[in-house]
Amino acid sequence: MNTIKIENVKCNGLTGGYGNATLSVRGIIQTAISVFRMRHDDILEMMPHGNYYPGPRFKDDERVTDRICSGLYEAAIQQVTNTSWPAHNASPEQFVEIVKVIENTVNSISGKEMDALILEGMRDCAEADHWYQFEKQWD
């Protein structure tokens with residue numbers, strides 16, 4: 001079974017095209033995020049050192065899901081095609097394989113790995129929230 005190593009998933013904004021590739025796993029991820037929030041009160045303290053703000057992206061499970069799905073998509077593209085986004089470089093056959101890799105990954109990861117994936121998505125959202133809340137004021 002072809003899967004992505006969770007440590008290879010890096011969330012960095014949104015990549016075009018991830019939505020179609022991740023439709024089948026969105027619900028699983030969003031539910032896991034909701035449960036994660038119930039289990040942890042100190043999420044920002046769990047993140048690596050950085051500039052974070054618990055703004056609208058960080059607080060919205062759907063937005064965190066988007067960041068995670070985008071990160072999964074980019075990691076799957078890299079694994080299947082040996083190239084980075086843009087995905088339109090993937091053939092239709094490769095796109096089918098990308099979808100399978102994402103599905104296999106989400107359906108087989110451990111709870112600890114899901115937590116790491118969620119924290120990565122939340123980190124990306126909290127960094128973006130910081131940027132838009134504070135750093136844009138200085139431009």
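The values are calculated or read from the model by the stated rules, or taken from the named source; none is laboratory data. What you see is a predicted model, and the numbers here were worked out from it, not measured in a lab. Ideal geometry is used to build each Cβ from the backbone, glycine not excepted, and the neighbour counts take in all protein chains shown.
Details
- Output for segment 3-21, where each listed residue is in a loop (DSSP other than H, G, I, E, B) and surrounded by 15 or more Cβ atoms within 10 Å (Cβ to Cβ): T3, I4, V9, C11, L14, T15, G17
- When A21 is tested against the conditions (1) modelled with pLDDT of 95 or more; (2) in contact with a Leu (Cβ under 9 Å, 6 or more places away or on another chain), the lone failure is (1).
- Only listed residue being exposed (fewer than 12 other Cβ atoms within 10 Å of the Cβ) and among the hydroxyl-bearing types (S, T, Y), chosen from S24, S108: S108
- Residue within segment 73-94 that is at pLDDT below 95, among the β-branched types (V, I, T) and closer than 15 Å to T22 by Cβ present: yes
- The lone exception for V101 - which of (1) closer than 16 Å to G16 by Cβ; (2) crowded, with 19+ Cβ neighbours inside 10 Å; (3) out of contact with any Phe, Trp or Tyr (no Cβ under 9 Å at 6 or more places or on another chain) it fails: (1)
- Checking T83 against (1) crowded, with 18+ Cβ neighbours inside 10 Å; (2) more than 21 Å from L119 (Cβ to Cβ), the condition it does not meet: (1)
- Hits in segment 76-126 - residues which are assigned to a helix (DSSP H, G or I) and among the polar types (S, T, N, Q): Q78, Q79, T81, N89, Q94, N104, T105, N107, S108
- Members of segment 75-90 found to be of a type outside the set (A, V, I, L, M, F, W, C) and in contact with a helix residue (DSSP H, G or I) (Cβ under 8 Å, 6 or more places away or on another chain), listed by number: Q78, Q79, T81, T83, S84, N89
- For beta carbons closer than 6 Å, sequence separation of 6+ or different chains, a first residue in segment 6-33 that is closer than 18 Å to E97 by Cβ and touching a residue at least 12 places away in the same chain (Cβ under 8 Å) and a second that is in a helix (DSSP H, G or I) and among the small types (G, A, S), the qualifying pairs are N8/A75; V9/G71; V9/A75; T15/S70; G17/A87; Y18/S70.
- The set of residues in segment 9-45 being closer than 21 Å to N89 by Cα and either touching a Gly at 6+ places or on another chain (Cβ under 9 Å) or among the acidic types (D, E) (or both) consists of V9, K10, C11, N12, T15, Y18.
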